Amino acid sequence: MRDPAFDVIFDTQRIFRSLLDAMANPGRIITLPDIRIKTPAANMHPLLLLMTLLDHEVSFCVMGGAQTQVTEYLKTNTWSKESRLENSDFVLVYGGSSHGLIRGARVGTLEYPDEGATVIYDTDSIGDGGGDVLLKLSGPGIADKCMIGARGIEQNEIENVLMMQDYPLGLDLIFSDNAGRIACIPRSTTVKVI
């Protein structure tokens with residue numbers, strides 16, 4: 001049964017606007033609208049993002065956490081299909097690490113770079129400093145340079161992702177924390193782990 005707390009039209013528009021703002025301004029921390037859905041996951045915010053992004057034309061993969069319950073919840077609420085990591089358009093990673101499996105995600109091709117996956121990391125917290133990982137960002141959408149810190153994600157995970165980035169190929173990243181904040185790092189962004 002679909003989650004009645006999520007308005008497919010109104011809530012999707014509000015979340016999508018927040019997501020566009022975060023993607024256009026890499027590293028900027030944006031707070032998602034306060035929408036209280038009942039999910040099988042401790043942090044509902046990554047699921048709000050996926051309920052906005054998924055539909056019957058795209059596929060997704062959930063790694064870690066309450067994987068089976070979250071997958072069923074997303075299939076019921078979005079009509080999207082679960083897929084293997086290497087075929088997924090969207091990947092949700094719980095627990096701060098895919099344990100190296102993220103290297104199997106799609107990075108697109110030179111002919112179709114837009115076929116690279118978007119990876120959402122469920123983190124404890126994100127901010128402009130501190131955390132388990134501190135990243136220095138530069139590139140399109142960033143005036144000079146910016147710093148973003150994330151708690152609840154392993155440095156090895158970020159290093160694995162950075163090894164895959166070869167613009168225009170690579171992964172688009174979204175960090176989502178327990179307080180409803182998100183920060184995006186598109187594949188066009190230059191990232192250094194500090």
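Each value in this text was obtained by applying a stated rule to the coordinates, not by laboratory testing. Keep in mind the model is a prediction, meaning the values are calculated, not measured. With ideal geometry, Cβ positions are generated from the backbone for all residues, glycine too; neighbour counts draw on all protein chains shown.
Provide the gained length on full extension for the span ARG103 to GLU154, in nm with one decimal, where the gain is 0.36 nm per separating residue minus the Cα-Cα distance. Don't skip to the end; give the middle numbers.
Values: separation 51, 0.36 × 51 = 18.36 nm, distance 1.45 nm.
Result for the pair: 16.9 nm of gain on full extension.
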* Mean-position separation - Cα centroids, region 145-194 and region 1-78, in angstrom -> 19 Å
* **Restricting region 74-136 to trypsin sites (Lys or Arg not before Pro) in coil, as DSSP defines it, with at most 10 other Cβ within 10 Å** => ARG84
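What shape does region 58-108 have by the C-alpha gyration tensor, where a ≥ b ≥ c are the square roots of the eigenvalues, rounded means a/c under 1.5, and otherwise prolate means a/b greater than b/c and oblate the rest?
Details: a/c = 2.81, a/b = 1.24, b/c = 2.27.
Oblate.
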* Asked: In the set (i) 48, 29, 28; (ii) 55, 41, 22; (iii) 45, 33, 27, which value of Cα extents along the principal axes in Å was calculated from the structure you see?
  -> (iii)
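Out of all DSSP beta bridges with both ends in the chain, state the antiparallel percent to the nearest 5.
Among the beta bridges of the chain, antiparallel pairing accounts for roughly 55 percent.
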* **Estimated distance in nm for a label pair at LYS38 and ARG17, the labels positioned 7 Å out from Cα along Cα-to-Cβ** => 2.8 nm
* Asked: Between the DSSP loop rule and a limit of at most 11 other Cβ atoms within 10 Å, which GluC sites (Glu not before Pro) in region 40-116 are left?
  -> GLU57, GLU111
* Once you have the Cα-Cα distance between ASP128 and ILE142, take 0.36 nm times their residue separation minus that, and quote the gain in nm to one decimal. => 3.7 nm
* Structure fact -> Counting lysine pairs in the chain that sit 8 or more positions apart or on different chains, with Cα atoms under 17 Å apart, gives 4
* Near-label residues of region 68-90 by backbone N, under 19 Å of a point 7 Å along Cα→Cβ of ASP55 -> 74-83, 88-90
* Note the full-extension length gain between GLN69 and ILE194 as 0.36 nm times their separation in residues minus their Cα-Cα distance, in nm to one decimal. => 41.4 nm
